[in-house]
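Following: one structure in structure tokens, then a few remarks.
The values are calculated or read from the model by the stated rules, or taken from the named source; none is laboratory data. This one's a predicted model, so the numbers in the text were calculated from it and none came from an experiment. Here Cβ is always computed from backbone atoms with ideal geometry, including for glycine, and neighbour counts include all displayed protein chains. Side chains included, ligands, DNA and RNA excluded: accessible areas come from the protein's heavy atoms. Shrake-Rupley method; radii C 1.70, N 1.55, O 1.52, S 1.80 Å.
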Amino acid sequence: LDRSSAASDVYKRQVLVDAEAARNSLAGIAEKLKATDDQISVVGMTATFGGINEARELSLERAKTAAKLLSELGVDTSDYMIVGTGYDNNSYRVKDTDNYGNLIETKAEKNRIVLIMTVETAKKGGLI
């Protein structure tokens, strides 16, 4: 894995690739969240790249950004659990490196995500 700070710095800035697409994706979810009383978690994840602490930071920023967009769409996120898991193993990740530790970009992009679910589901899935 390329753990150089220059590569990590470039990757770290990619919290959100397309804000408008993210807002559009979250609009329908926002309406459902407004109608629920469940405790909600917003969980950011990353590809297997850089140091684990950097990855956790980046994934937390992703989750915070998604929560902010939900808030802008009228969702009260004040009691949401916002978490960044980095690339810690959990049941929602795909293996995104080959046997030599090289990143497989087509798989890595599937791990650069934010999951929105009930806290109970997040706990069952090992995310929190």
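Worth a mention:
- Here the dipole of the chain is about 180 debye; that uses its Cα centre as origin and unit charges on the Cβ of Lys and Arg (positive) and Asp and Glu (negative).
- Relative contact order of the chain, defined on C-alpha pairs under 8 angstrom at six or more residues apart (%): 31
- Over the C-alpha trace of the chain, radius of gyration and Dmax come out as 14.8, 47 angstrom.
- Ordering 21-33, 61-73 by mean Cβ neighbour count within 10 Å, with the highest value first, yields 61-73, 21-33.
- Val17, Val114, reordered so the largest accessible area comes first (probe 1.4 Å): Val17, Val114
- Restricting attention to the chain, close to 60% of DSSP beta bridges with both partner residues there are antiparallel.
- Among Tyr100, Ser59, Ser25 the positive-end extreme of the charge dipole of the chain (Cβ point charges): Tyr100
- Projected label distance in nm at Glu72 and Val17, using a 7 Å step from Cα toward the beta-carbon: 1.9
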